[in-house]
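Enquirer: There's a structure below that I have some questions on.
The values are calculated or read from the model by the stated rules, or taken from the named source; none is laboratory data. Please read these numbers as outputs of a predicted model, since none were measured by experiment. FYI the Cβ positions are ideal-geometry reconstructions off the backbone, even for glycines, and counts take in every protein chain you see. Protein only, heavy atoms only, side chains kept; ligands, DNA and RNA dropped before computing areas. Shrake-Rupley method; radii C 1.70, N 1.55, O 1.52, S 1.80 Å.
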Amino acid sequence: MSQIEVSEVRSGQERDAFIKFPWRIYKSDTAWVPPLIIERKAFLDRKRHPFYKHGDAALFLARLDGEIVGRIMASDDPNYNSLHQTNVGCFGLFESIDDVDVAAALFDAAATWVRARGRSELMGPIYYSTNYVCGLLIDGFAHPPAVLTAYNPQYYPRLCEQCGFVKEKDWYAWWFSEVERPTERLRKIVNGRAAKHGIKIRPIDPKNLTTESQRIRTVFNQAWQNNWGFVPFTHAEAEYMAKEMRFLIVRRATLIAESDGLPIGFVITVPDIHIALRRMNGRLTWFGLPVGLLKLIYYRFTLRTARMVALGVIEQYRRAGVAEALVLRQFEAGFNTGECSMTLEDNVMVNRFIEAVGAKRYKTFRIYAKSLP
């Protein structure tokens, strides 16, 4: 019988193989969007990514008869465990052929790595922490992934469950379009509430992105602190995220709400450049020419399909019409079709608000967990 071998990624060549393996899994999947290889290299760079200032991670490849058949990342976030008084390690970037033995070998490698750091539970898919891409798609496979969201074959949930993982938490993705009536309803709420509280909403200043990212971080760390899976953005992570998203940010759709000059809410909505990435096959250049880059620039300025990445308001202002004002401004800017994600299944207040503005739930992402003996 052939033996499955799992080894930790040690060289640059192995890292490149880790990054490029998904092309095998999704070669016939028309919904998959190839990531930019240059971006994946930066995300996995231990010297550049700020997660490694407080956490750690390792990459693994599975081989069968010398051929790569799967991959996985194991990670450990001391900040998360300290905050929640848990003892959890995470897996992410999981890809595998449809073979439960291969999947089990990969999960065993991740479990062994986190167990060596004293962890007693394995949870995922989570790419470093919940502040990055996370979740396994369990429905909505007919739809291509929006920018900065996960996608996977339909057999992945089965592989996870066959390997002993159980549901920990679900996240929802919503689709919004034809928002004319909800816009009128939002306008009435804004005129009746936000104006009375003296809330000011302004677009982000792209020339001062480092400072603006810290203002957003302040709101995020307050607004999300009671949510499942929350871990605070560090100063370095907020700065890194601002630099990584600089190209995506559109001034009129990334807004900050302020009261007496202090940030109390924000919304980040970006063009869904996956529409362009699907045609680029992971590359920005062809034959030395920046063809892919030019395509991205074109789509960035012409796309009206968007993803609402984050909407947050600190608790004391949640009934002051701030969220409504932020969403209204986004719709008025022309971004009124696309995805809003991700929201927790038990965040009733947010899910009802999203439904009230006319969005329909169309995808579910699941976090799995497994106790380690």
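Enquirer: Applying 1/(1 + (r/R0)^6) with R0 = 51 Å to the Cβ-Cβ distance of Arg246 and Leu372, what FRET efficiency is obtained, to the nearest 0.05?
Expert: Plugging the Cβ-Cβ distance into 1/(1 + (r/R0)^6) gives 0.85.
Enquirer: Based on the mean of other Cβ atoms within 10 Å per residue, sort peptides 330-343, 12-25 so the most packed one is first.
Expert: Highest-to-lowest ranking by the protection proxy: 330-343, 12-25.
Enquirer: Give me the percent of accessible area attributable to carbon and sulfur for the chain, probe 1.4 angstrom.
Expert: For the chain, the apolar C and S fraction of the accessible surface comes to 50 percent.
Enquirer: Let me ask you something else. Can you pull the accessible area of Phe165 for me, 1.4 Å probe, Å² to the nearest 10?
Expert: 10 Å²
Enquirer: Now, a different point. Just grab the label-to-label distance for Asn347 and Glu184, each label 7 Å out from Cα along the Cβ direction, in nm (one decimal).
Expert: Going by the 7 Å Cα→Cβ label model, 3.0 nm.
Enquirer: Tell me the Kirkwood radius of the stretch 1-86: reciprocal of the mean inverse pair distance over distinct alpha-carbon atoms, in Å.
Expert: 14.8 Å
Enquirer: Can I ask one more? Starting from 0.36 nm per residue, how many nanometres of slack lie between Asp98 and Arg10 once their C-alpha separation is accounted for?
Expert: Length gained between Asp98 and Arg10: 29.1 nm.
Enquirer: Measuring with a 1.4 Å probe in the full set of protein chains, what accessible area per residue, in whole Å², belongs to the stretch 1-48?
Expert: Value for the stretch 1-48: 65 Å² per residue.
Enquirer: Along each principal axis of its Cα atoms, how long is the stretch 25-74 end to end? Whole angstroms, biggest number first, please.
Expert: Projected onto the principal axes, the Cα atoms of the stretch 25-74 cover 38, 28, 14 Å.
Enquirer: Report, ordered by chain and residue number, the lysines lying within cross-link reach of Lys200, taken as a straight Cα distance under 21 Å and ignoring same-chain residues fewer than 8 apart.
Expert: Lys188
Enquirer: Taking every Cα atom in the chain, find the radius of gyration and the maximum pairwise distance Dmax, and write them in Å.
Expert: 20.9, 73
Enquirer: Right, here's the next one. How much length is gained on full extension from Lys27 to Glu161, taking 0.36 nm per residue of separation minus their Cα-Cα distance?
Expert: My answer for the length gained is 45.8 nm.
Enquirer: Which of the pairs Lys41/Lys370; Lys20/Lys207; Lys27/Lys167; Lys47/Lys243 have their Cα atoms more than 23 Å apart in this structure?
Expert: Among Lys41/Lys370; Lys20/Lys207; Lys27/Lys167; Lys47/Lys243, the Cα-Cα distance tops 23 Å for Lys41/Lys370; Lys20/Lys207; Lys27/Lys167.
Enquirer: On to the next question. Return the long-range amide H neighbours of Leu137 (sequence gap of 5 or more, or a different chain), with a cut-off of under 5 Å between placed amide H atoms.
Expert: Those qualifying (amide H under 5 Å, at least 5 residues apart or on another chain) are Asn152, Arg366.
Enquirer: Run lengths n ≥ 4 of DSSP H only: what is the helix-derived mean residue ellipticity at 222 nm for the chain, with -39500 (n - 2.57) per run over all residues, to the nearest 500?
Expert: That calculation yields -9500 deg cm²/dmol at 222 nm.
Enquirer: Skip the ligands, DNA and RNA, and give the accessible area per residue of the stretch 73-113 with a 1.4 Å probe, whole Å².
Expert: Roughly 32 Å² per residue, with all protein chains present.
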